[in-house]
Amino acid sequence: MYNEINSLEKFTNNLISIFQNENVEYIFINDGSTDGSKEWLLKLTEKKQKNNIKFIDLKDNIGKGHALHNGIEESRGDYILFQDADLELDPRDSLEMFNIIKNDKNIECIFGSRYLSGKLKKNNNYLNEIVVKFNSLLFNLLFGQSLSDLHCGTKIISSEILKNLKLTIKDFGFEIDVASQISRNNCDIYEFGISYFARSKLEGKKITWVDGLKSYLYMFKTRFLQNEISITISIVYSTIYMIYIGSFFGMGVGKNLVICLFALTGLFIGLHNKILNSSLILLFLYIGSLFSKGNGKIYTVLIGFFIGIYLVKKISLFFKNKKKKNKLISFFI
């Protein structure tokens, strides 16, 4: 929490009351507040005097991500639940998410979503909603996901998974950092519809348009600069051969547009497919080119492309569990 003195009493009372029958620990993190939040939290921990309540005081306001990194290191539970102290999201929804994940050992990660529920919602900032939905769509394209609310702060994740992530982003980009690394680790992300009561800047909302612009930098960083070597090789390989194939179609300016389109397609092939899978797509592109001549060749090439994509998905599903156990398979498929 950062400068949330006006909401702390209501927030902490709600949170502790809602989770009072559960075996949990509460970790309150003061992210360099200057409005008395620190002093209020100190009084709370002294008053409660329980072993399951911890207080972390960060002297400087570095950012949400930095604060949560500290909380993750201190946590001892089997699952870690993130809850902002600004009253925009309801802890009762968090309890529902907790009950789901503790009763189903196959679920290791649940993200809250403000756009899936039939629950109460108040949001007067339509532009902000458009940006969130666009960012979620862009993230899904880059990481092969289907998230409806990338930036939602309420999440519950297995401690085993979370503590093995190499989190580096220290501000509001934390949500992108977590989602991108979980996606790359092939962990299934479940979503749960939650309530939402948006605040205005006058009411204390901290995120700004600058954070919105930085989110695109973080998506570029997490998607293109933090990949394992096998993905990087596949990106270069797939982009090169798709540029080469695209050079055979179109004329003049149209040819350049086709090459750009094929290059972009190659980029996405490389992002979502390792070297052998990408090579299989290339093989079917070549086979498709053998069945026609002239302008009609583009259609048979596209047919070969879609057949290759279909077969690659089947192969990936077949080797899904084996990739976790065999590094060689994981490198190539």
Conditions (1) closer than 20 Å to ASP93 by Cβ; (2) part of a helix (DSSP H, G or I); (3) among the charged types (D, E, K, R): number failed by LYS221: (1)
First in the range 301-326 and in contact (Cβ under 8 Å) with a residue 24 or more places away in the chain and more than 30 Å from VAL258 (Cβ to Cβ), second anywhere and of a type in the set (Val, Ile, Thr) and surrounded by 11 or more Cβ atoms within 10 Å (Cβ to Cβ), Cβ under 6 Å, 6 or more apart: LYS323/ILE329
Residue count for the range 1-55, restricted to those that are polar (S, T, N, Q), closer than 20 Å to PHE98 by Cα and part of a loop (DSSP other than H, G, I, E, B): 4
Only listed residue being at negative phi, in contact with a helix residue (DSSP H, G or I) (Cβ under 7 Å, 6 or more places away or on another chain) and not in a helix (DSSP H, G or I), chosen from PHE249, PHE284, PHE331: PHE249
Checking LYS43 against (1) assigned by TED's automatic domain parsing to the domain that holds GLU203; (2) over 26 Å from SER180 (Cα atoms); (3) touching a helix residue (DSSP H, G or I) at 6+ places or on another chain (Cβ under 7 Å), the condition it does not meet: (3)
Test: residue in the range 129-143 that is touching a residue at least 12 places away in the same chain (Cβ under 8 Å), more than 22 Å from LYS320 (Cβ to Cβ), of a type in the set (Gly, Ala, Ser) and buried (at least 16 other Cβ atoms within 10 Å of the Cβ): yes
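The values are calculated or read from the model by the stated rules, or taken from the named source; none is laboratory data. Note that the coordinates shown come from a computational prediction; the quantities given were computed from them, not determined experimentally. FYI the Cβ positions are ideal-geometry reconstructions off the backbone, even for glycines, and counts take in every protein chain you see.
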